[in-house]
Amino acid sequence: MVTSSKNHKLGLRDLYASLGNELAQAKESKTYKYEVPIDGLQGGTVSVNGENVVMLASNNYLGLANHPRITEAAKFGLERYGFGMASVRFLCGTQKIHAELEEHIARFLGVEDAILHSSCFAANEAFFTALLSGDFGQSDYRDIIYSDALNHASIIDGIRLVRQATKTTDLRAYKHNDFKQLTDWIQEDASKDYRLSIVATDGVFSMEGEYAPLHDFVNLAAKQNALLFVDESHATGVLGKTGRGTPEHCGVHGKIDVITGTLGKALGGAAGGFIAGKKELVEFMRQKSRPYTFSNTLPPPIVCASIEAIKMLDEDNSLVQKLHDNTAYFRKEIKNLGFTILEGEHPIVPIMVGEASTAMDMSRELLTEGVYIRGLWYPVVPRGEARLRTQISAAHELKDLDRALEAFKKVGKKLGVLA
């Protein structure tokens, strides 16, 4: 027997030294992620170190994070139902308002039922693991998931988890929004007798601001007897005339098998996620979702505020329309300045700058000019495709956007991004 003389054991002193070296390298290469604290409220403009700056990095698409109706609803939830339940749902963590919020979500999205989770990340991990871990009285079976190559990390991790846990799930990651490749693969696999076929896609891709062509996806899934799963975290409250998301935008509202999403972006900006779909599937998740079973229930202030957010969208689409108008204006004017953006209609407006160091330098310089924006680089996006991810809000006034545009012009010329 041959034994290795190498000793790979890492002592704690060596561990911490290695961690320090990794951090130092990240800072030197300008890929270290710094946090910039905000003083006070989240909004279209915020205070940083006592200075008022335009916020262009928030998921606060509808400006509800500090809207008076939302904060009043949260106060009501706190006073009427308390700070927290100190329990999971099936023990003593369910109040009537939790069921009410689930009913509001389901009705808003045009499906039968919904189940709350602590986040959409947890919901996505829960969905794949719970569903594909069930044998449903069968043996000797395999399942397959077709997943967009640019899907959110929570979908990727959910798929990894179930594949590791079951060993019975295959994966095909099709090229981003490549409907032809997806179609070819599903047709090619039709003869393999998979028990379940799932097509998984983001409704809106968070790094690109692009949406999936769900009309085509719905037709394909129906034809091939596949289950269509769509993460609507960046679309609910954002896309569609009434904010009902990518399905409404694509003309297939109420036709998606499974929708997951968040309460932490357009719908108030606090926390919480959900899975929505057929009643049988949701009830199954209540029994089998480990993140649901073993995580505390959402706090009452968040529940009441989220109900109020959906009520506001049910009443009228004025905030949604303002968001769309602001987005169209900014997209047009930032291109007029000479910046390269990823085309689209979503309030995520990626401004492409190439290298991570450029993105970091620009975000730092823009902050000094009164604009709060963050750079994104590898491994969040591919190497050489670093960007500033601009996010427009209904909380912005045109004067805020004009102020930001002027800052972009000044900083772009200073750093040589603009001629």
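Every read-out reported here was derived from the displayed coordinates using simple, explicitly stated rules and does not represent laboratory data. Small disclaimer: the values here were computed from a predicted structure and weren't measured. Cβ coordinates were reconstructed from backbone atoms using ideal geometry, including for glycine residues, and neighbour counts include every protein chain displayed.
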Would you mind ranking Thr242, Thr45, Thr260 by Cβ crowding within 10 Å, fewest neighbours first? Thr242, Thr45, Thr260
May I ask you to compute the full-extension gain from Asp157 to Glu103, defined as 0.36 nm times their residue separation minus their alpha-carbon distance, rounded to one decimal in nm? 16.6 nm
Ranked Ile156, Ile259, criterion: other C-beta atoms within 10 Å, fewest first: Ile156, Ile259
Going by the alpha-carbon gyration tensor, a ≥ b ≥ c the square roots of its eigenvalues, is the range 131-221 rounded (a/c under 1.5) or, if a/c is not under 1.5, prolate (a/b greater than b/c) versus oblate? oblate
Considering amide H positions built from the backbone, and no H for Pro or chain starts, which residues 5 or more places from Val48, or on another chain, come under 5 Å of its amide H? Asp39, Val53
Is the shape of the range 254-299 best called rounded, prolate or oblate, per the rule: a/c under 1.5 gives rounded, else a/b larger than b/c gives prolate, else oblate, with a ≥ b ≥ c the square roots of the Cα gyration tensor eigenvalues? oblate
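Using DSSP to define loop residues, name the chymotrypsin sites (Phe, Trp or Tyr not before Pro) in the range 2-70 whose beta-carbon has at most 12 other beta-carbon atoms within 10 Å. Could the numbers behind the result be given before it?
Details: sites: Tyr16, Tyr32, Tyr34, Tyr61; in loops: Tyr32, Tyr34, Tyr61.
Qualifying residues, ordered by number: Tyr34.
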Once you put a point 7 Å from the Cα of Ala165 and another 7 Å from the Cα of Phe179, both along the Cβ direction, what distance in nm separates them? 3.3 nm
Return the single residue from Glu365, Glu35, Glu79 with maximal mean-square fluctuation; model: Gaussian network over the chain, springs between Cα atoms under 10 Å. Glu35
Shape of the range 162-303 from its Cα gyration tensor (a ≥ b ≥ c, root eigenvalues): rounded if a/c is under 1.5, otherwise prolate when a/b > b/c, or oblate? oblate
Given labels modelled 7 Å from the Cα in the Cβ direction, how far is it in nm from Leu23 to Leu91? 3.5 nm
With θ set to phi - 60°, apply the Karplus curve 6.51 cos²θ - 1.76 cosθ + 1.60 along the range 301-311 and write out the HN-Hα couplings as whole Hz, x wherever there is a Gly or Pro. x, 5, 4, 5, 5, 5, 4, 5, 4, 5, 4
At 4 °C and a viscosity of 1.567 mPa s, what translational diffusion coefficient does Stokes-Einstein give for the range 141-183, taking Rh as the Kirkwood radius over Cα pairs? Give it in µm²/s as a whole number. 119 µm²/s
Here the range 351-356 yields Karplus 3J(HN,Hα) values (6.51, -1.76, 1.60; θ = phi - 60°; whole Hz; Gly and Pro given as x) of 9, 7, 10, x, 9, 4
